[in-house]
Amino acid sequence: VESRLTTTMPQHDVGLEVVGAAIQMWVEYRVAIGKRFLDLSHPESWSAALDYTVRKVNFAEAPIEEIARWYGTGETAIRHNHADLVSVLDIMPCDYRYYRGEENPLDKLVEAAMMLEDLEKRFRAA
């Protein structure tokens, strides 16, 4: 899986930081599932799902049809594995573990929540 990621992703304009995030996601997924059986008879489908997922996290999406073609797998397998990755790792947009942009948009949400909390306190103060 890792070797497919490191060869395929850079061929399609993905920087090494994002490739590293996909590998990190794979390692964390393997740890999270523990002893649960993992069918690795089609590693290309896992590589494609990791590529697809990390691109979504980083707003660098590519059409799933293209990713399926790059890895030689089917869209259904990518969707299934993507859903499992998201579920097991509780992945969200801009996830701090895998986001590699300069400024994470979630930071603005945290700032806004803190500002709202402060405004609420000031509003309620007598």
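The values are calculated or read from the model by the stated rules, or taken from the named source; none is laboratory data. Keep in mind that this is a model prediction, so the values were computed, not measured. Virtual Cβ from ideal backbone geometry, glycine too; neighbours counted across all protein chains shown.
General remarks:
- If you go through the range 68-107 and keep only what is more than 20 Å from E28 (Cβ to Cβ) and in contact (Cβ under 8 Å) with a residue 40 or more places away in the chain, you end up with W70, Y71.
- A single member of F59, F37 is surrounded by fewer than 17 Cβ atoms within 10 Å (Cβ to Cβ) and closer than 16 Å to V88 by Cβ, and it is F37.
- With a requirement of 3 or more residues that are modelled with pLDDT under 90 and of a type in the set (K, R), the helices (runs of 4 or more DSSP H) lying completely within the range 20-126 that satisfy it span 105-124.
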